[in-house]
Structures are given as C-alpha cells and as structure tokens.
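To keep things clear, I will list the structure first and then write my remarks on it.
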Amino acid sequence: HRAKSLFLWPKSLSMTRARRDVGKMCKDGGGPLVFRDDDDQPAAIKRQIEFYFSDSNLPSDKFLKSEISKSTDGWVSLDVIASFRRMKTLNATVKNIAEQAHHVENLDVSNDGLWVRRITPIPDPDVCLDRTVYAKPFKFESVGKIMD
C-alpha cells in the first residue's frame, strides 16, 4: 500500500498551480533554497548538495539527470554544481562543495575532488511523487488555520 501525496496550500490554490510553482522553484536545477540564517556556510552547502542528489529532487531534475548521463559512471562535474544559482548565493567554490560532498551519505567524490556521483540508483519518479509533500511558505500564525 503506497501513501498518497500530501499537499498543504490554501484551498484557493489548485493542484495544477501548486505543481507549476514547484516547477518554477526547480528550474535552475537547485530547487528550494535549503539555507537557514543561523547556519554556517559549510552546513548550508552540504544540505544543498543533499537536496540536489536526493530522492525527492533527482528523479524529476531533467538538467542534473542529463549531466549524470554524460558519464558512463554517473559523474557530474563540481564546476556544474558550483554554477547553480543556490551555490552562487552561498559563495560556494568547487573545493567547498567537494569537502561537504564527502560528508553526504550516498555520494562519492572523485580522488581529485572535481567530480561527484550518486552511488545509489535513482528511484522511479512516480514512486517519488507518491511520497511528495508540498508546503507553500506561510505565516507561523496561520498553521493552525491550515491544519484545522
């Protein structure tokens, strides 16, 4: 028995619009910015790399999957990852990204520190969609109203 998707958004927002909004967030290959004000840069870089190669992002990330397919072993250049808008926002260098990717479970970094790859298979996008939760940003006070 597979769980259905759970979407939390105002009733006035249609599912089509919610999916379009998610698509807009993911256009640059970066998805939602996974950065908190109180984080230091290395932790934020690590979380962003985890997101890029996660089960929730990678199956539907056409750009990153095309980069993976360019190598028979699935390697992606860290220059490509460093060029993503989110990584630029974090002022991440290839060296920073390589250092943090070493700490991400299910990722392998090349010996020269210039390439990264996922070591587990990419799941089927349909399976991932069934496990997806979409929560649009909302004010803290409104959580109770949404959950009622």
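The values are calculated or read from the model by the stated rules, or taken from the named source; none is laboratory data. Everything numeric here is computed off the predicted structure, so don't read it as measured data. In case anyone asks, the SASA skips ligands and DNA or RNA and just uses the protein heavy atoms, side chains included. Shrake-Rupley method; radii C 1.70, N 1.55, O 1.52, S 1.80 Å.
The figures follow:
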| quantity | calculated |
| --- | --- |
| 1.4 Å probe accessible area per residue over region 45-127, in Å² | 54 Å² |
| Carbon/sulfur fraction of accessible area - region 69-129, other protein chains in place, 1.4 Å, % | 49 percent |
